[in-house]
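What follows is calculated from the coordinates using simple rules that are stated; it is not laboratory data. Because the structure is predicted, anything quoted here is derived from the model rather than measured. Using ideal geometry, Cβ is built from the backbone for each residue, glycine included, and neighbour counts are taken over all protein chains shown.
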Amino acid sequence: MVSELATNALGHGGGHCILELSATADAVNVAVSDLNSAPPHERTPDLNDGTGGFGWHMICHLTDNVTITPGPGQGKTIHARLTR
């Protein structure tokens, strides 16, 4: 999930991202920021040509909570929580 968030941020967010990881006794928290303000969107996975479409489905399925907040600057930050 961390790899998918970072890969998507680099690929769709201008080639630069900030990754923050933290943990508590109850959860692991991931925050990935990029410079693109457009939120991620679901699309039908491409089963034939390998152009993707699996990532956001996977992230939403694997995490307990996902939120998107504005910033930094004109970009966005995706926060994902995994309960231990």
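Rounded to the nearest 20 debye, the dipole magnitude of the range 1-62 is 60 debye, with +1 charges on Lys and Arg beta carbons, -1 on Asp and Glu beta carbons, and the Cα centre as origin. Less than 5 angstrom separates the built amide H of Asn36 from those of Lys76, all sequence-distant by 5 or more or on a different chain.
The fewest-to-most ranking of Ser3, Ser37 by surrounding Cβ atoms within 10 Å reads Ser3, Ser37. By the helix-only formula, in which each DSSP H run with n ≥ 4 contributes -39500 (n - 2.57) and the sum is divided by residues, the chain has a 222 nm mean residue ellipticity of -6500 deg cm²/dmol. Compactness ratio for the range 31-84: Cα radius of gyration over 2.2 N^0.38 Å (N = residue count) comes to 1.27.
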